[in-house]
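Asks: There's a structure below that I have some questions on.
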Amino acid sequence: MRGRITVLLFFLATLSAACGWTTAPLAPTPFPSAYVLVTVDVNASPTPTPFQPVREPLPTATLALPASTSTATPPPTPTPAAGLRPRYTLLVNLDYEAHRLAVDETIVYPNAGGETLDRLRLAVEPNRWPGCFALTGLTVNDQAVTDSVLSGGWLEVPLGASLAPGETVTLKLLYTLSMPWAGPQQIFGYNDRQLNAVDWYPFVVPYVAGRGWVNHEPTTVGEHLVYDVADFEVTIHLTGSVTSGLVIAASAPAEGERYRLTGARNFAFSVSPDFQSRSTTAAGVTITSYYFESEAYAGDALLGPIARALTTYGQRFAPYPYPSLSIVEADYPDGLEHCGLFFLSRRFYTDYDGGMLNDLIVIGVHETAHNWWYGLVGNDQALEPWLDEALATYSEYVFYSDNYPGLTNGWWDSRVNAFQPGGWVDVTIYNGGDFRPYTNAVYLQGARFLHALRQRMGDAAFFAFLRAYAAQLAYRRASAADFFALARQYSTTDFSDLVGAYFQNAP
C-alpha cells in the first residue's frame with residue numbers, strides 16, 4: 001500500500017507471525033452475515049499496511065475450489081502500448097550531506113485525449129512541505145512562463161496556445177528540493193541512514209475527456225495520486241562533500257549515472273552510505289535486496305520468496321513489466337510500493353523469524369504484487385482503491401497456495417479472519433471511515449470477495465480472466481466496470497449475488 005508523502009495513517013500495533021502454525025483443517029470460518037464497522041483502536045500505531053500477521057495462530061479453515069466452468073482462451077502477453085505517452089527526463093545534482101537536490105526536468109507531453117487543452121495540471125507533492133520545493137524556472141516550448149499558479153500540491157501551467165489532440169508540448173522546469181526530515185510516519189525525505197525520493201518530481205496528472213484533470217486531495221487514509229504511464233530517463237549526479245561510498249537503489253538498473261524506465265507510473269530511488277545488497281534473478285529479472293548490515297540475514301533471506309512471488313505472478317497474471325526490482329529496507333512503519341521498487345520496514349527485518357508467515361515475507365509479496373496491480377494495470381486509487389489493494393492482498397494467497405499450500409489456512413486466519421472484516425469493498429478514501437474500517441473493507445473484504453469469485457468461476461476461468469485483465473488493461477487505468485465486464489466474459493455462471501453482497505454500488 002502506498003502511504004504517499006502527504007498522508008498520515010493510523011496503523012496497527014507491532015505484530016508479527018509466530019512459529020508453529022497449525023494447518024490441521026477445521027470447519028471453515030464463515031463470512032460475516034452483516035457488514036459491521038469495527039471500532040478503531042485509538043492506541044494503535046500508524047502504518048500504511050493494515051493487516052500484518054498476528055502473533056497467535058488461529059483456528060484454520062479449508063478453502064476448496066471447484067473445477068473450472070470456462071473454456072476461454074488466455075490472452076497473449078501484454079506489451080507496452082504503442083501510442084503516445086509522456087516522457088520525463090530528469091537531470092539531478094544530489095548533495096547527500098546537504099539533503100538537497102537541484103533538478104533540471106523536461107516533460108514532453110502528448111495530448112492523447114480527444115479534447116483541446118489550454119493548460120496542464122501537474123502534481124507537485126514536495127510543495128506540501130514548507131521550504132522543500134523552490135521553482136526557479138519554467139518554460140513551455142522554450143517560452144518563459146510567468147503566470148503559472150503553484151498552490152498546495154498542484155501547479156497550473158498555461159500553455160499560451162491551444163494543444164490539439166495528437167499534438168505535443170514540451171515543458172522545462174528548474175527547481176530545488178530541500179528534503180525534509182523523514183520522521184517515523186513518512187518515507188519522503190532523509191534521516192540518519194538514508195535519503196528517500198518518492199513522488200519527488202512534478203508530473204502531469206491524467207486528463208479524462210468530459211471530466212477534466214484527475215487531481216484528488218489527500219485524506220487520512222489511502223492514496224490520492226493517480227498516474228498516467230510514462231517513460232523516464234533519470235540521471236543522478238552526486239555532488240557535495242560526500243560522493244564516494246553512496247549506494248543508490250532505484251526503480252531501474254543503473255547505467256553509470258543514468259537510469260531508464262519505460263511504461264511506468266513513477267520513478268523512485270533511495271540513497272545511503274550504509275546499504276549492503278545482494279541480487280538474484282527470476283524470469284530474467286534482476287532482484288536486488290538493499291539492507292543495512294545488522295539486518296543482513298533477513299535481507300538475504302528475503303530474496304528467495306520474492307523471486308518465487310515474481311515467478312508465480314508472472315505465470316498467473318502476466319510477465320513482470322519492468323527490467324529490475326529493488327527491495328529497500330527503510331526506517332518506516334511498513335511497506336510502500338513504487339514501480340520497480342518497494343520499501344519494507346526495518347522492524348520486519350529485525351523481527352524476521354526465519355519462517356514464511358511473518359511481516360517480512362507476507363508484506364514483501366504483497367508489495368511485489370503491486371507491480372501488476374497499480375503498476376501494470378493502474379486505477380484511480382482515491383475513488384476505486386480496491387482495484388489494486390484487494391488484488392494485491394489476494395495475490396498473497398495466490399503466492400502461498402502455489403508455493404506453500406500448507407500455510408494457506410494460517411494466512412487466511414492471520415491476515416483476514418483475525419480482523420473480522422466488514423464494510424463495502426467499493427468505498428473511497430473519502431467515505432471509508434477511519435483506518436480500521438477502511439482497510440477492513442477495501443483490503444480484507446476485497447480479498448474475501450475475490451476468493452468467493454474464484455470459487456464461483458472455477459480456478460481455470462478465474463486465472464484466465466486475470467490474465468485477460470492484465471493483458472487488456474495493461475498500461476492503462478482500469479475501472480470497476482472494466483473489471484466486471486471482463487469477468488463476466490470468462491464465467492459461464494452468474495455471480496451478481498456476490499457483487500451485490502460485497503459492493504454498495506455494483507457495476
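Asks: Quick check for me: using +1 on Lys/Arg Cβ and -1 on Asp/Glu Cβ, what's the dipole size of the stretch 87-369 about its Cα centre, in debye to the nearest 20?
Replies: So the magnitude is around 420 debye.
Asks: How fast does the stretch 298-373 diffuse by Stokes-Einstein, in µm²/s, taking the Kirkwood radius from C-alpha pairs at 37 °C and 0.692 mPa s?
Replies: Values: Rh = 12.4 Å.
For these conditions, the coefficient is 266 µm²/s.
Asks: Still on this model: Extension gain Thr235-Asp142, at 0.36 nm per residue separation less the Cα-Cα distance, in nm?
Replies: Gain on stretching Thr235 to Asp142: 31.3 nm.
Asks: Using only Cα atoms, what Kirkwood radius does the stretch 87-369 have, in angstroms?
Replies: On the way: mean 1/r = 0.0503 Å⁻¹.
Evaluated over the stretch 87-369, this radius sits at 19.9 Å.
Asks: Compute the signed sum of charges (Lys and Arg +1, Asp and Glu -1) over the other residues within less than 12 Å, Cβ to Cβ, of Phe292. Let's see the in-between values first.
Replies: Numbers: positive: Arg193, Arg346; negative: Asp192, Asp274, Glu293, Glu295, Glu329, Asp331.
That sum, taken over residues with Cβ under 12 Å, equals -4.
Asks: As an exercise, use a Förster radius of 51 Å and the Cβ-Cβ distance of Ser244 and Ser401 to find the FRET efficiency, rounded to the nearest 0.05. Could you put the intermediate results ahead of the total?
Replies: Working: r = 47 Å, r/R0 = 0.92.
Once rounded, the FRET efficiency stands at 0.65.
Asks: What percent does the relative contact order of the stretch 87-369 come to when contacts are Cα pairs within less than 8 Å and at least six residues apart? Intermediate values should be presented prior to the final figure.
Replies: Values: 629 pairs, mean separation 46.4, N = 283.
It comes to 16 percent, rounded to a whole number.
Asks: Okay, next question. Give the residue from Phe342, Pro126, Thr311 lying farthest towards the positive end of the charge dipole for the stretch 87-369; charges sit on Cβ (+1 for Lys and Arg, -1 for Asp and Glu) and the dipole is referred to the Cα centre.
Replies: My answer, from the dipole projection, is Thr311.
Asks: Okay, which of the stretch 468-487 sit inside 19 Å, backbone N to the point 7 Å along the Cα-Cβ direction of Ala112?
Replies: 469-480, 482-483, by backbone N distance to the label point.
Asks: Next question, about the same structure. Gap in Å between the Cα centre of the stretch 105-183 and the Cα centre of the stretch 390-427?
Replies: 41 Å
Asks: Where does the stretch 222-288 land on Rg(C-alpha)/(2.2 N^0.38 Å)?
Replies: That works out to 1.30 for the stretch 222-288.
Asks: For the pair Glu293/Ser151, report the inter-label distance in nm, with labels modelled 7 Å from Cα in the Cβ direction.
Replies: Modelled inter-label distance: 5.2 nm.
Asks: Calculated FRET efficiency, Asp353 and Ser277, Cβ-Cβ r, R0 25 Å, to nearest 0.05?
Replies: 0.65
Asks: Restricting to the stretch 87-369, compute how many DSSP beta bridges are antiparallel as a %, nearest 5. All intermediate terms of the calculation are to be shown ahead of the outcome.
Replies: Working: 68 of 88 bridges.
Here the share of antiparallel DSSP bridges comes out near 75 percent.
Asks: Return an integer: the convex hull volume of the alpha-carbon atoms of the stretch 389-451, in Å³ per residue.
Replies: On the way: hull volume 4.2 nm³, N = 63.
Enclosed volume per residue, from the Cα hull, is 66 Å³.
Quick note: the coordinates plus some simple rules give every number you see, no bench work behind them. A quick note: this is a predicted structure, and the numbers were derived from the prediction, not measured. So basically every Cβ, Gly included, is an ideal-geometry build from the backbone, and we count neighbours across all protein chains shown.
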